[in-house]
Amino acid sequence: MTVYDIFSKRQKRLSATDEDVFQYRDIPAKLRVQIVHILNRSLGNEEQFYSSGGVQGAYKYIVETIREEAGVFYLLPSNYRATYKYYDELSIFLTEVAESEQCLDIVEVAFRVVNSIVRRDGYLGRRNGNSVADEAISDLNVRFRENAVGYQFVDNELIRIDSELIHVETVKPALRLLHTKEYAGPHEEFLSAYEHYREGKNKEALNDCLKAFESTMKAICDKRGWAYNAGDTAKALIDILFREGLVPSFWQTQFGALRSLLESSIPTGRNKQSGHGQGAKPTTVPDHMAAYMLHMTASTLVFLTTAEQSLP
């Protein structure tokens, strides 16, 4: 569906201050209703729920998944249960009852269903399921951004973002480049880093950043047949990539600074903040540090995988 740049949006932009930033703690009522509209268009609306077994099955799967994860028999309290169908349960819970984290759980599960079931040929009699699913995901991400809520649905996951520009220029390309058989390991680790970050587990996020970095270098070595030891750490792997010409020899002087960055940035950030014993006083990794390391990791992975692709 076309997302319109209506008068109220333009006025809000004109009156915005420098304090307008993404927030992560509240899912506004407006956004919740917009999400229901998107699900109605893509997964099926209330009328289609009563007439289509496929739509009933989709909503049933979402509701029962959330029920089990929440450890409840019903999502809604008893005073809501006058007409108790899966469609009603999901829509009412999402718009009127769910806490913000529960809302995000529902969005992730529901749009994973959109990303799979809606694409099936013949769902709701459609022949354009891929475009419907793509449009629904795009609309969801637009609505998150419009409501200044710092999440995006990317690669079948809800991930937290702190900079829209960095997300577009580094995170999404990194996910796209890693989404291959050769890079399945680092792809999983990079997504895990974002999942930990979304949950506030910043130490674990840094650990997974380093894992994704090292795994990407090992995957490049495997792909190219370059020898390395199973226990090689980041520094040894960087040495191999430079020795094997991942960066052309006539550029190596210019890339001296890059080599220093690769050797010190991601491993050092992880080692100092989360990789070793923290001593008597617990250490804390602040959100801005975790976000910086995630973005640095994404940029580095884009560089490494793109450089590998450019080799003959």
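The values are calculated or read from the model by the stated rules, or taken from the named source; none is laboratory data. Being a predicted model, the structure only gives us computed values, none of them experimental. A quick note on method: Cβ atoms are made from the backbone with ideal geometry, for glycine too, and the neighbour counts reach across all protein chains shown.
Name the residue, out of 133, 174, 148, that is in contact with an Asp or Glu (Cβ under 7 Å, 6 or more places away or on another chain) and either modelled with pLDDT of 90 or more or not β-branched (Val, Ile, Thr) (or both). Talk me through it step by step, then tell me what you get.
Numbers: 133 fails: in contact with an Asp or Glu (Cβ under 7 Å, 6 or more places away or on another chain); 174 fails: in contact with an Asp or Glu (Cβ under 7 Å, 6 or more places away or on another chain).
Unique residue meeting the criteria: 148.
Filter segment 19-32 for residues that are part of a helix (DSSP H, G or I) and loosely packed, with under 13 Cβ neighbours inside 10 Å and give the result.
Of segment 19-32, the ones part of a helix (DSSP H, G or I) are 29-32.
Scanning segment 19-32 gives 29, 30.
With respect to residue 89, determine if the residue is modelled with pLDDT of 90 or more, over 19 Å from residue 37 (Cβ atoms) and not assigned by TED's automatic domain parsing to the domain that holds residue 189.
Numbers: modelled with pLDDT of 90 or more: yes; over 19 Å from residue 37 (Cβ atoms): no; not assigned by TED's automatic domain parsing to the domain that holds residue 189: yes.
Here the answer is no, as residue 89 does not meet what is asked.
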Tally of residues being within 18 Å of residue 158 (Cα to Cα), small (Gly, Ala, Ser) and in a helix (DSSP H, G or I) across segment 192-219: 3
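May I ask you to list the residues in segment 204-235 that are closer than 19 Å to residue 190 by Cβ and at pLDDT 90 or above? Before the answer, list the steps.
Taking segment 204-235 first, the residues closer than 19 Å to residue 190 by Cβ are 204-223, 233-234.
Residues satisfying the conditions are 215, 216, 217, 218, 219, 220, 221, 222, 223.
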Given (1) more than 19 Å from residue 32 (Cα to Cα); (2) touching a strand residue (DSSP E or B) at 6+ places or on another chain (Cβ under 6 Å), index of the condition residue 158 fails: (1)
Qualifying residue in segment 178-185 (condition: at pLDDT below 85 and of a type in the set (Asp, Glu)): no
Helices (runs of 4 or more DSSP H) lying entirely in segment 79-154 (those with 1 or more residues that are within 27 Å of residue 187 (Cβ to Cβ)): 100-116, 129-146
Qualifying residues in segment 246-257 (those that are within 18 Å of residue 220 (Cα to Cα) and surrounded by 14 or more Cβ atoms within 10 Å (Cβ to Cβ)) - the one modelled with the lowest pLDDT: 247
Long-range neighbours under 7 Å by Cβ, at least six apart or interchain, first residue free of Cβ contacts under 8 Å to residues at least 60 places away in the same chain and surrounded by 16 or more Cβ atoms within 10 Å (Cβ to Cβ) within segment 38-52, second of a type outside the set (Gly, Ala, Ser) and assigned to a helix (DSSP H, G or I): 49/55; 49/56; 49/59; 49/87
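If you check residue 64 against the conditions, is it free of Cβ contacts under 8 Å to residues at least 40 places away in the same chain, of a type in the set (Asp, Glu) and within 20 Å of residue 115 (Cβ to Cβ)?
Working: free of Cβ contacts under 8 Å to residues at least 40 places away in the same chain: yes; of a type in the set (Asp, Glu): yes; within 20 Å of residue 115 (Cβ to Cβ): yes.
Here the answer is yes, as residue 64 does meet what is asked.
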Cβ pairs under 6 Å, 6+ apart, first in segment 231-245 and within 12 Å of residue 304 (Cα to Cα) and among the β-branched types (Val, Ile, Thr), second at pLDDT below 90 and surrounded by 15 or more Cβ atoms within 10 Å (Cβ to Cβ): 238/262
